[in-house]
Amino acid sequence: MIRICTARFKSRLVRGAVIGILAGISLALGACDGSGQDEWRPKSAPPSTQTDASEAGYIAPPHILQAEREPTGLVLKGAGAPEASVRLGAPTGETVVGQIDAGGRWSLTVPASDGVRLYGLSMTRGGRTVQGQGYVMVTPDGDVALLRAGAGARRLAPGSASPNILAVDVDRGGGAVISGMATPGAGLGVRVDRTPRAVGQAGDDGRFSLSLSEPLGAGARDIQVSGEGGEQRITVVVSPAAPLVDGPVRAQRVDVGWRVDWMTPGGGVQTTLIIQAPAR
């Protein structure tokens, strides 16, 4: 059973996750006081027509299934309600729109970029708009992940027979979640600097998301995930995120891959480390 995160991580970020699911991507990304809440709303639909999946009832939110690199950019493919329109909207105003076919499949091409981008995913059918959970993150390398407030990032990645750490999420207080892929159903343990910090189990799809029992202190931290099939160890450098003054996201390359500091729907800042470095 996955252990519960620190009280700080739980109270701050899990609350942000609930707010994020209810508010969707139509949130105030530029400030924490609630101003500018229409910045990510689809321009084609007034705010009063929007709802989340729980309110719509019969409409499940859209989601991404795979990504393919092509000369024109990164092609994202996913599923949603048949015959609905689908939209990716960035806080910069960039939008990519398309149509979901009769079989419930859609495809959108995201233009190539030198930086990390965040998008809100939504679809509209019958005058009602349903927001997808979290933010879709796309890196210049073609990596795609769903960033989720108060939870571990979900990377688009193949399955793995041995534990494979794909992301580390940390809040400003050091509360952290380690996520990745392993053998479906495998029991797993996490050690930080050789000290046990979490136990849990991979799901039927092989994904795991393990909350640490203690905050990650600032500095270089050795993280080891072990279980059926072997183990993986990585070293990450932990530091509090600086305030976001130039937009809702700041990204930089680091030794392990990418560090992405991003604003949660609750107005906090969460750091996601996208792990690309091989195990050592």
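Summed over the stretch 168-183, the residues that are surrounded by fewer than 24 Cβ atoms within 10 Å (Cβ to Cβ) and over 14 Å from Ser226 (Cα atoms) give a count of 3. Scanning the stretch 101-133 for residues that are hydrophobic (A, V, I, L, M, F, W, C) and in a loop (DSSP other than H, G, I, E, B) turns up Ala102, Ala112, Val116.
Of all the criteria given as (1) β-branched (Val, Ile, Thr); (2) in contact with a Ser or Thr (Cβ under 8 Å, 6 or more places away or on another chain); (3) over 30 Å from Pro91 (Cβ atoms), the one not satisfied by Val199 is (2). Within the set Ala157, Ala151, the sole residue that is assigned to a loop (DSSP other than H, G, I, E, B), free of Cβ contacts under 8 Å to residues at least 40 places away in the same chain and within 30 Å of Gln201 (Cβ to Cβ) turns out to be Ala157. Sub-9 Å Cβ pairs linking a first residue in the stretch 245-257 that is farther than 25 Å from Gly267 by Cα to a second residue that is among the hydroxyl-bearing types (Ser, Thr, Tyr) and assigned to a loop (DSSP other than H, G, I, E, B), at least 6 apart or interchain, are Gly257/Thr139, ordered by first then second residue.
Give the number of residues within the stretch 31-89 that are modelled with pLDDT under 50, among the small types (Gly, Ala, Ser) and surrounded by 17 or more Cβ atoms within 10 Å (Cβ to Cβ).
2
Comparison of Ser239, Ser211, Ser160 shows that the only residue that is touching a helix residue (DSSP H, G or I) at 6+ places or on another chain (Cβ under 8 Å) and either buried (at least 20 other Cβ atoms within 10 Å of the Cβ) or not assigned by TED's automatic domain parsing to the domain that holds Lys77 (or both) is Ser211. Condition check for Arg197 on (1) assigned to a strand (DSSP E or B); (2) in contact (Cβ under 8 Å) with a residue 60 or more places away in the chain: one failure, at (2).
The values are calculated or read from the model by the stated rules, or taken from the named source; none is laboratory data. Computed from a predicted structure; not experimentally measured. Ideal geometry is used to build each Cβ from the backbone, glycine not excepted, and the neighbour counts take in all protein chains shown.
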